[in-house]
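Quick note: the coordinates plus some simple rules give every number you see, no bench work behind them. If you're wondering where the values come from, they're calculated on a predicted model, not measured in any experiment. Every residue, glycine as well, gets a Cβ built from its backbone with ideal geometry; the counts of neighbours run over all protein chains shown.
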Amino acid sequence: MRITRREGLKGIATAAAAIGMPAIIHAEESEIVIGAPNSLTGGLGEVGTRYAWGVQIGVNQINKDGGIKSLNGAKLKLVIADTSSENPTQAASVTRRMIDQDGAVVILGAGASAMTLAAQVETEKSEIPLVTGSYADGIVNRGYKYTFKLSPQGGAVWNWSMTSGYEMWKDAKGTPPKSALIFMSNDAVGLVVQKQLPEHAKTLNLDVPFSQSFQMGLSDPSVAVAPILRYKPDLIFLGGFTNDIILIIKALRGVGVTAPIFGAGPAGTDSVGRGLGATGDKFFAPLMWNWDLTIPGNKELVAAYKAAFPSEPYPPANEQLGAGYVAAMVLQQALEKAASRDPKKIREVLAASEFDKLPFPAGKVKFGDNGLNIYNREILGEWIKQELRTVWPKENQVVPPLL
């Protein structure tokens with residue numbers, strides 16, 4: 001879903017007013033400034049706004065609860081700005097402005113990987129901690145000391161999805177699936193996955209008779225429909241951008257293909273859910289957070305989202321909402337332990353501490369030497385009756401999968 005600048009900024013401002021805080025503000029001396037550079041507009045606007053909303057809900061909760069106790073109740077002040085979806089240079093300049101002009105001591109963002117990769121260059125230069133929910137492997141492979149990544153490595157997500165689909169099928173049907181077909185758009189990520197996923201299938205004894213990339217911006221879904229009708233696979237793996245995914249899935253369901261389909265990226269977003277409607281059943285998405293997880297604090301987060309964004313889709317379907325909220329909760333604990341506004345001291349606590357009581361599948365976060373959360377635990381969501389439900393793994397399952 002492409003979000004215009006007016007829509008993105010209006011949504012942030014409206015929500016900020018609803019929860020009693022301004023969207024873009026300058027801090028008084030007693031306040032702790034938190035920067036949130038995110039894609040609020042363009043093709044990645046949904047990803048960025050959801051992360052920013054999660055942060056906003058968390059900051060509001062912290063302030064309502066009395067601020068940072070170890071700093072005499074100092075309140076957090078959030079500065080949100082648009083990085084765009086297409087221009088990493090803008091992400092860098094926005095982040096630089098937050099540090100130099102607004103006095104941000106921590107940066108939370110950006111939801112979109114390309115924007116985070118640009119923003120983290122600026123935070124590293126200035127020795128300002130950055131906490132992100134972006135997926136790109138390179139975020140923690142650059143040797144940076146001030147970057148902390150909540151999300152798993154993107155390169156491993158598709159392999160995890162295939163393994164989970166295999167195990168879920170076997171658990172439900174008593175025998176393992178025999179075959180899978182793979183279709184990936186020809187973007188940078190898709191081309192890599194289209195080559196690596198068949199190799200992973202070999203470790204599962206899963207036959208892949210057909211694996212193909214397709215041109216982004218499809219007008220004819222037969223590139224996927226024809227091979228699937230020919231091979232009749234047990235499982236289908238489909239990667240691409242929102243419009244392509246919707247077009248292919250609707251075409252497959254229209255010709256009677258009922259096999260479960262596994263996606264990633266936009267697969268678990270409100271825009272895909274709305275676009276697919278009833279045809280979304282049996283479409284799965286790997287997630288680091290979902291609205292229906294039965295873990296402490298999650299029900300309250302979802303209720304706060306509904307109160308702050310009454311006109312937005314409910315229940316919410318976008319993992320970045322949870323990631324943004326968890327980032328704010330991790331920051332709260334780090335500030336309390338550091339008892340300081342000094343970014344270097346905050347960074348020391350982020351690097352050394354374990355953070356708990358968080359509405360993430362593992363319930364806790366700890367960052368390894370490279371800044372990656374060592375307690376990453378993916379879950380599998382499935383679109384069931386136009387709601388994204390948590391169906392796997394068993395320890396996090398809310399409803400059984402439809403296969």
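For this structure, a couple of remarks:
- Cα-based equivalent ellipsoid of the stretch 270-336: semi-axis lengths in Å, sorted from largest, via gyration tensor: 25, 14, 10
- Highest mean packing comes first when the peptides 109-118, 63-72 are listed by Cβ atoms within 10 Å, giving 109-118, 63-72.
- Residues considered: Glu300, Glu46, Glu31. Largest GNM mean-square fluctuation over the chain, using C-alpha springs under 10 Å, is found at Glu300.
- For the stretch 54-137, alpha-carbon Rg relative to the globular expectation (2.2 N^0.38 Å, N residues): 1.14
- Exposure proxy order (Cβ contacts within 10 Å, fewest to most) of Val349, Val391: Val349, Val391
- Sites listed here are trypsin sites (Lys or Arg not before Pro) in the stretch 158-261 whose DSSP assignment is loop and whose Cβ has at most 12 other Cβ atoms within 10 Å: Lys178.
- DSSP-loop GluC sites (Glu not before Pro) across the stretch 88-187, with at most 13 other Cβ within 10 angstrom: Glu127
- Degrees, to the nearest 10: 319-338 long Cα axis against longest axis of the chain: 30
- Fluctuation leader among Val223, Val208, Val255 - the chain, Gaussian network, Cα springs under 10 angstrom: Val255
- Shape class for the chain, computed from the alpha carbon gyration tensor (a ≥ b ≥ c): prolate, with a/c not under 1.5 and a/b above b/c.
- Cα-based Lys pair tally, the stretch 251-403, threshold under 20 Å, eight or more apart or on separate chains: 14
- Prolate/oblate/rounded call for the stretch 34-96, Cα gyration tensor, a/c under 1.5 rounded: oblate
- Partners for Lys69 among aspartates and glutamates (Cα-Cα distance below 17 Å; same-chain residues under 8 apart left out): Glu29, Glu31, Glu336, Asp342
- Against the chain, whose longest principal axis comes from its Cα atoms, helix 222-231 is set at around 50 degrees.
- Nearest-ten-degree value, helix 154-173 long axis tilted from longest Cα axis of the chain: 50
- Prolate/oblate/rounded call for the stretch 149-265, Cα gyration tensor, a/c under 1.5 rounded: oblate
- Candidates Arg96, Arg377, Arg142: whichever shows maximal mean-square fluctuation once the chain is modelled as a Gaussian network with Cα springs under 10 Å: Arg142
- For the stretch 175-251 versus the stretch 69-90, the inter-centroid distance based on Cα atoms is 38 Å.
- 20 Å Cα-Cα reach of Lys202 towards lysines, excluding residues that sit fewer than 8 places from it in its own chain: Lys170, Lys178, Lys232
- Taking all Cα pairs closer than 8 Å and separated by 6 or more residues, the relative contact order of the stretch 64-165 comes to 18 percent.
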